[in-house]
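Inspection log for the structure reproduced underneath, given as structure tokens.
Bear in mind that the values in this text are calculations on the coordinates, not laboratory data. Note that the structure is predicted; figures quoted are calculated from it, not measured. Here the Cβ is made from the backbone with ideal geometry for all residues, glycine too, and neighbour counts use every protein chain on show.
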Amino acid sequence: MNEHSQPAISATGATAPGRAGPKAERLVIEGLRLAFGANEVLKGVDLVIEPGEFFAFLGPSGSGKSTLLRAIAGFGPKPSGRILIGEEEITDEPPWKRNVGMVFQSYALWPHMTVWKNVAFGLEERGMRRSEIAPRVRRALELVGLAEFADRRPSQLSGGQQQRVALARTLVVEPRVLLLDEPLSNLDANLRVQVRRELKQLQRQLGITTIFVTHDQEEANTTSDRMAVLNDGLIQQVGAPVELYDRPANLFVATFLGSANLIEGEVLADGGRRLFSGRGGFRFPVAAAEPEGRAHALFRPQIVHLGGNPAGGDSNEFFTFSGRVVRAEFLGMLVRYGVEVAGIELLVDEPHEPDRPVLPEGAEVTGRILTRQIRILRG
Amino acid sequence: MSVRAMRWVALAALGLAQAWSPSLSAQEIGDKLVVVTSFPKDLTNVFKEAFEKKYPGMTVEMLKKKTTAGVKYIQETASNNTSDIFWASAPDAFEVLKGDGLLAKYEVKATGIPDKVGVFPINDPDGYYKGFAASGYGFMWNTRYLKAKKLPEPAEWEDLAKPVYFGHVGMSAPSRSGTTHLTVETVLQGLGWEDGWALWKRIGGNLKTVTERSFGVPSGVNSGDFGIGIVIDFFGFSSKASGYPVEFRYPSTTTLVPANIAIVANAPHPEAAAAFIEFVLSPEGQRLLLDPKIRRLPVRPEIYAEAPDLPNPFEGDIGASVAFDVKKSKARYNLVNSLFDVMITYRLDDLQAATKALQDAEAALAAKPNEEAAKLVARGWELVAALPIDEAKSLDPEFAGVFKKKRKKATDKVTGRQAEVEQEWDDFVRANYAEAKALAEQALAMVR
Amino acid sequence: MIFAGRGQWGAFGTGGFVLLVLLVFLVIPVGKVIYVAFQQPDTGAFTLVNFLDFFNTSLFRESFYNSLYVAAMSVVVASLIAIPLAYFTTRFRFGAAALLQTLGVIPLIMPPFVGAVAMQMIFGANGSINLLLDEYFGFTIPFMEGLNGVILVQAIHYFPFILINLSASLANIDRSVEESAQNLGSYGFRLFRRIVFPLAMPGYVAGAALVFLKVFDDLGTPLLLNVNNMLAPQAYLRISSIGITDPMGYVISVILVAFSLFSLWLSYFVTRGRDYASLEKGGGGLGKRDLGTWGRLGAWLVILIILLIVLTPHIGLLLLSFGTIWSFSVLPDAYTLAHYREVFSTAMPYITNTLIYAGLAALFDVILATAIAYLVWRTGIPGRQILDYLGTAAVAVPGVVLGIGYLRVFHDFQVPFVDKPLASWWVIIVVALMIRRLPYALRACTAALQQVSIALEEAALNLGAGRFRTVHRIVVPLMAGGIMAGFVTSFATAAVELSATIMLVSAESDAPVAYGIYVYMQTAAGRGPGAALGVLAVLLVGIATYLSHRFVERSREVEEADRRLAVAQGA
């Protein structure tokens, strides 16, 4: 079976993107703390996930994102704080009474049962009649395009197919919230893109409140309506992907979400204005509202432009510099340069075009940055 | 797949358990009898079948334990007794149970059984246990073994002490086998405490092994593991009857003692128990003893007419010369067991080494006499024979009490603990054996 | 710590029940027996003086040393047998690997006392081999003299523990580990010594510890070989002697139990954190190589010699069962079927009883073991480790001690409706077998549970299955292979157990086959019928073991095939 020839998830009757489905629920987490023995893994998490949202937990390994997801499902040590679905508090409910659907990273398909049996399991546990179970299982398998695999064993399926079974098994019980634990991590790179689109499409279609755990920012960016970046057991920032990328709340979020240039320095008063002064001769005006004190200047590599003299505009609008290329990495759609400027190395992304040669190492260059695109971060 | 199989196994097991439940058999009085016995199945099966045939509907349970374990079993289960009859050889075992109040008195209705076999009263004078067959002690040997090793046939206990039998003799220990205890005690009473033990140690030095059960002795002789075994007569008779190349002989110092049967106190089926005893003692039951696999001496003299090949104890075929004193035997029962184990069973290696050295020295002396060396050897034998306690002490109830745990009264005084006493004996015995061996080696060196 | 705090009541209930079973049928009876060791002989007051006596008695010190020596040497000899068998069957492509593995397990299912009788006929001072040696070469070898005999019999009987555990460890080693060593230039015996064996070490140590322990505690073999100067026989002789209730027997029991527990702990301590084998999963075990012609011949020769030694008890038993008179001769005088006729006409109840007792005991064992494994590894109830410790500690309790304990504790307990004391009801034999064999089942079930990913259970809980339903529908089916293995081990070894049952059989109609063999062997008329019964028992349990082996192998092959198919499809 060729993975790519499989029908994509049928999108008939999809509701509008971002709209809550008829049974979508709000998920509220208040002051959640959780420890493995002496090791505190969640240190006070507050979060509201709106009905029908596709929400991502993003963070490095050990950040607590999976623990948080498992706590919502009722796994792991007993936490303090509260978890509510809609108006109902589920903090002390055992996992089997929560009706929170979870798709496991390893899929956790039961190898001793056929695909059909796997999917029917949850309905059987709910005491549903056989005659009612059959059409629902069939519909769920059709939804993920695996109707003809019903009699196979999980070991006879490919990774992608296994994941669809896991999804069907979870969705068939119509959970109040859908939890996906690193759902794409066990798939081939080229399959991931396809599956994440399908996932998003399916979520839109069903309108179910969905949480998605990942350590891959591209996955989070492309699928989620909003996301929470976690580090060290705390939520660092919550917001839409673009918002977090462009306006990170702190250094961690800034560096975790894509490459960034960070210049250490301080904000100084200069008459009525405020100036940022940092290493490498970085000195440029900032908004008057910026408080004085130690700070970092943050700018993404793609807002740095190389070449020529500063083309017009006054020096307040642009910060200009000259330096030397110490590294050039050809990445296909762009070239990432390392440019040494007064003892510090700047990352500079230049879009690649066919008639534009890659600068050699050692080349002397000049460059400019639009200063209003530079973000000042405290700490 | 595997799940189904598991379930199948489980169901099958449960199904079988339901279909077959041994505990569901009816338990009305009169159709069941539980016998605790040390006898082999060749004996018990014959009686069981005959008895069940005589009383249709009767089921006899033969619970086989070796004598010591049987006594233990009846003691441990006394508070809620389920056994009807205790059936074994050694009168001592019955004495122990009687002493603990675990036997019931019974008056035998059958007549025609003499009061004594040899000098031994057939029945317990107090009326608790009855003799149903006589047994004498002696030795059996494997004819193929003796021929292959060019050994003479032994005739008397003293023969077994001869150097020629070194490493060819097997016996059980009195602490493990009631019949062996009787044998040991018989010799002790027949030759006297000192000479009796001296002989046992000479024989002990020739032992290849001390078997764990009395049955281990005929088994070892039958298979040819060792050539000569000290056994109760029927082991010899039945082995021979089964076709093994073995012979049995009574030495002149022996005693015939009855093998016994008794009703256990608070027996659940007293009527059946009484019927069984009467059956065993009837001519019909006595005749069963002549079965080739049983071959025990009946206590009814008239039966011997039917078995001319069996020695008839009532006509003095067997030189039962020792007047066996049951009271004496009982008084020092555990002490003798313990003493035998400390001096022979557990120190067999040391005893063998000393014996071997002394025998070698004697052999060398025979070829080349040397008075001084002869003195050393004699001294060596004395050391081997030396005893840590004398007969008077062995009969001292206070001292013997060390070997019993259950005190009748809190005021019963005991000095020392068994482990302490045994350690003292062990030190004594080991030092003597080692010294005897050294003397023998010294003597041998002088002769060379 | 997995689902701590939520929905624990079922776990508490189950744990409480298991604890109750272990307390009533293990802790209390054993405690009642060994308590005597701490009593003043004359007053009954608490004292440690008996232990002082133990260490002051040279006989006991010697016995202790002998037990230690025999146990250690048995491990050495058993290793010499087990390592080549395990290595050749797991490492090379061998036509008869399954057969070899089964034959290798056969010794376990013969009661050691039966094996000792047969070995005596072959290896004894005047056994077949020495008679031949004496006739043709004029010398004999004391294979069976004193401690040698015990070591030989024990090693041959118990080496399968090493074989099984070592084979399992070898099978779990990832092929890539070995390949990377080869890639770095290691090969042959060096490769085995430096890479393979260290990785298989935990399995080896587990097996060796078990052998050590069983030999250290074993009673039947030294008794049958008339070796008295060892601890277990000393304890038994002193406990079962007429009239005496010498506390030393109980002191020795305490020391046996304590020392066994200590060696268990030691083996755990040594292997702790070294169970590398399971870290690298999915490689499908060591690569199996084909042997060249000479290699094949050599390997077969080694294996045949080992098998011949290992199967000596069985050969001896067969000869005994068909022979008429076998006395001071190389082979029996003539052959007959009479013994089998006798056994078939009179001894079948023993076989039926054994199937029921061992079957029920093994069934309860896997149920208890699954419950304990689950409680310990999958719940957070406090004190859950105690269940594991108790269940494992049963291996350190000599059968005699358990048997006497049952008699003491349960004799006054009248079973309702049956109207018999519990101690003389046949069910008590099942209970004793269950407790005695629980450690084997516990080990198998724990290993099986550890191989079931927790996510598979969480998925079921997540889909609304309660804890009990999850265990029933997911955990148990996935553990089936391991549970089956535990069942077979418990069943096969329970079927030949004697030391506890001999104390507890209260009616011959309730007796199992090991007791039957014992009784049939106790006759001066010859051991033929006993041997015939022994052969039947070995065949019966052997066939059962082989079938389940095949069954487990087959289901493993099916799964493997499934996976390969899936891989091919995905490509």
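Counted over chain B, the DSSP beta bridges are approximately 65% antiparallel. Within straight-line reach of B:LYS208, meaning a Cα separation under 14 Å, sit the following aspartates and glutamates at least 8 residues removed in sequence or on another chain: B:ASP225, B:ASP349, B:ASP350, C:GLU145.
Sorting the segments C:501-511, A:274-284 by their residues' average number of neighbouring beta-carbon atoms within 10 angstrom, most packed first, yields C:501-511, A:274-284. As a calculated quantity, the FRET efficiency between C:LEU337 and C:TYR35 at R0 = 56 Å, using C-beta atoms, amounts to about 0.60. Here each label is just a point 7 Å from Cα along the line to Cβ, and for A:GLU142 and C:PHE344 those points are 6.5 nm apart. Dipole of the range B:332-448 computed with +1 at Lys/Arg Cβ and -1 at Asp/Glu Cβ about the Cα centre; of B:VAL342, B:THR355, B:TYR433, farthest Cα towards the positive end is B:VAL342. Entry note, chain A: relative contact order of 17 percent, from Cα contacts under 8 Å with a spacing of 6+ residues. Among beta bridges identified by DSSP and lying wholly in the range A:3-247, the antiparallel ones come to about 55 percent. With viscosity 1.002 mPa s and temperature 20 °C, the Kirkwood radius over alpha carbon pairs of the range A:339-379 converts through Stokes-Einstein to a diffusion coefficient of 165 µm²/s.
Charged side chains reduced to their Cβ positions (Lys and Arg at +1, Asp and Glu at -1) give the protein assembly as shown a dipole of some 2200 debye around its Cα centre.
The ellipsoid that matches the Cα gyration tensor of the range A:141-264 has semi-axes, each √(5λ) in whole angstrom, of 32, 15, 12, with the longest given first. Pairs of Lys residues in the range B:332-448, spaced 8 or more positions apart or belonging to different chains, with C-alpha separations under 26 angstrom: 13 in total. Between B:ALA307 and C:PHE12, what FRET efficiency follows from the Cβ-Cβ distance if R0 is 45 Å, with the result rounded to 0.05? FRET efficiency, B:ALA307 to C:PHE12: 0.05. Take each residue of peptide A:91-104, count the partner chain Cβ atoms within 10 Å of its Cβ, and average: the result is 5. Mean residue ellipticity, 222 nm, helices only, chain A: the sum of -39500 (n - 2.57) across DSSP H runs of n ≥ 4, divided by residue count and rounded to 500, is -6500 deg cm²/dmol. The HN-Hα couplings worked out from phi for the range A:123-139 by the Karplus form 6.51 cos²θ - 1.76 cosθ + 1.60 (θ = phi - 60°) are 5, 4, 5, 8, x, 6, 5, 3, 5, 7, 5, 3, x, 5, 5, 4, 5 Hz, whole numbers, x standing for Gly and Pro. By the scheme Lys and Arg +1, Asp and Glu -1, what is the net charge of all other residues having a beta-carbon under 12 Å from that of A:ILE49? That works out to -2.
Remark: relative contact order (chain C) = 21 percent; criterion is Cα-Cα distance under 8 angstrom and separation of 6 or more residues. Other protein chain C-beta atoms within 10 Å of residue C-beta, averaged over C:124-136: 2.
Rg ratio for chain A: its Cα radius of gyration over 2.2 N^0.38 Å, N being its residue count, equals 1.19. Reported to the nearest whole Å, the Cα centre-to-centre distance from the range B:329-373 to the range C:54-132 is 34. Working note: Cα atoms of the range B:332-448, range along each principal axis, descending, whole Å: 62, 24, 18.
Here the Debye sum runs over all C-alpha atoms of the range C:364-414 as equal scatterers in vacuum, and log10 of I(q)/I(0) at q = 0.14, 0.20, 0.22, 0.24 Å⁻¹ comes out as -0.51, -0.80, -0.85, -0.90. Beta-bridge orientation, the protein assembly as shown: approximately 75 percent antiparallel, per DSSP, counting only bridges with both partners inside.
Each of C:TYR350, B:TYR106, C:TYR406 was scored by other Cβ atoms within 10 Å of its Cβ. Arranged with the fewest first, they read B:TYR106, C:TYR350, C:TYR406. When the Kirkwood radius is taken over all Cα pairs of the protein assembly as shown, what Stokes-Einstein diffusion coefficient follows at 4 °C and 1.567 mPa s, in µm²/s? For these conditions, the coefficient is 35 µm²/s. When peptides B:417-429, A:236-248, B:288-300 are ranked by their average number of other Cβ atoms within 10 Å per residue, the highest-first order is B:288-300, B:417-429, A:236-248. Computed from Cα positions, the angle between helix B:193-206 and the longest principal axis of chain B comes to roughly 90 degrees. Rg and Dmax over the alpha-carbon atoms of the range B:91-233 stand at 17.4, 53 Å. Placing dummy labels 7 Å off each Cα toward the beta-carbon, the span from A:ALA189 to C:VAL270 is 4.9 nm.
Under the convention that each Lys and Arg Cβ holds +1 and each Asp and Glu Cβ holds -1, the size of the dipole of the range B:332-448 around its Cα centre is about 600 debye. As a ratio to 2.2 N^0.38 Å, the alpha-carbon radius of gyration computed for chain C takes the value 1.00. Per-peptide packing, taken as the mean over residues of other Cβ atoms within 10 Å, places B:169-179, A:183-193 in the sequence B:169-179, A:183-193 from highest down. Phi angles of the range A:62-69 translate, via the Karplus equation with coefficients 6.51, -1.76, 1.60 and θ = phi - 60°, into HN-Hα couplings of x, 7, x, 5, 5, 4, 5, 4 Hz per residue; Gly and Pro are given as x. For the range A:259-378, a simple Cβ point-charge model (Lys and Arg +1, Asp and Glu -1, everything else neutral) yields a dipole of about 340 debye relative to the Cα centre. Shielding of peptide A:120-126 by partners, expressed as the average count of other chain Cβ atoms within 10 Å per residue Cβ, is 5. Within chain C, helices built from complete DSSP H runs that reach 27 Å or longer along their own axis (Cα positions) and carry a mean Kyte-Doolittle hydropathy of -0.5 or higher are C:58-91, C:146-172, C:197-217, C:247-271, C:348-378, C:427-450, C:528-570. Spin-label model, C:VAL24 to A:ARG324: label points 7 Å out along the Cα-to-beta-carbon direction sit 8.7 nm apart. Diffusion coefficient of the range A:259-378 by Stokes-Einstein, Kirkwood radius over Cα pairs, 10 °C, 1.306 mPa s: 107 µm²/s. Short version: ³J(HN,Hα) in whole Hz for each residue of the range B:53-65, in order, from phi by Karplus 6.51 cos²θ - 1.76 cosθ + 1.60 (θ = phi - 60°), x for Gly and Pro, what are they? So the Karplus estimates, Gly and Pro as x, are 6, 5, 10, x, x, 7, 10, 9, 9, 9, 9, 8, 9 Hz.
What is the percent of Cα-Cα separations in chain B that go past 29 Å? Summing the P(r) tail past 29 Å for chain B gives 53 percent. Remark: relative contact order (the range B:332-448) = 49 percent; criterion is Cα-Cα distance under 8 angstrom and separation of 6 or more residues. Can you find, among C:TRP265, C:LEU536, C:ALA524, the residue farthest towards the positive end of the dipole of chain C? Put +1 on the C-beta of Lys and Arg, -1 on that of Asp and Glu. Going by the Cα projections, it comes out as C:TRP265. Helix A:159-171 and the longest principal axis of the C-alpha atoms of chain A enclose an angle of approximately 70°. Evaluated on the range C:347-566, the Kirkwood hydrodynamic radius is 19.1 Å, with distances taken between all distinct Cα atoms. Between helix B:178-191 and chain B there is an angle of about 40 degrees, using the helix long axis and the longest principal axis of the Cα atoms. Counting only aspartates and glutamates at least 8 places from A:LYS200 when in the same chain, those with an alpha carbon closer than 13 Å to its own are A:GLU53, A:GLU219, A:ASP225.
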